[in-house]
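Okay, structure first, notes after.
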């Protein structure tokens, strides 16, 4: 996964270039993310998640407690099913989570890296093609 750090002023031009280059572009609103629950709520709201995550069994909410494995599976399914083979996630205000919950920030980046690695592998779900995922941390910080 390409991970890039950008400032908010560059976002309009960046989006224009990405869309012009054939990318599917998704904004992840990080301004309200402070714990695992709010992270999962934001990704379900803002990113292409697999259909099963939207209608779980009544007694099995995949988001609690900290079900990172299900998150990875559902995001992989959503990206694999999306129309674009190149995808950019712009994590707006990514630095907010790093400041208030650095452990969760690290976990989220690791899971996104896992999804990026996994969607690069061609499968039948993707008609034998792969997906390239780029993550842009807007007003955020890199992994280090």
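What the table below lists for this structure:
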| item | result |
| --- | --- |
| Yes/no for residue 121 being surrounded by fewer than 19 Cβ atoms within 10 Å (Cβ to Cβ), on the phi < 0 side of the Ramachandran plot and either outside any helix (DSSP H, G or I) or modelled with pLDDT under 85 (or both) | yes |
| Residue among 130, 69 that is more than 29 Å from residue 9 (Cβ to Cβ), over 12 Å from the mean Cα position of the chain (by Cα), modelled with pLDDT of 65 or more and not in a helix (DSSP H, G or I) | 130 |
| Unmet requirement for residue 104, which otherwise passes all of (1) in a helix (DSSP H, G or I); (2) at pLDDT below 85 | (2) |
| Every residue from segment 77-94 that is part of a helix (DSSP H, G or I) and crowded, with 24+ Cβ neighbours inside 10 Å | 79, 94 |
| Tabulated pairs, segment 87-101, first at positive phi and in contact (Cβ under 8 Å) with a residue 40 or more places away in the chain, second surrounded by 18 or more Cβ atoms within 10 Å (Cβ to Cβ) and assigned to a strand (DSSP E or B), C-beta under 8 angstrom, 6+ apart or interchain | 93/138 |
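The values are calculated or read from the model by the stated rules, or taken from the named source; none is laboratory data. Keep in mind that what you see is a predicted model, and the values were worked out from it rather than measured. We place every Cβ from the backbone using ideal geometry, glycine too, and count neighbours over all the protein chains shown.
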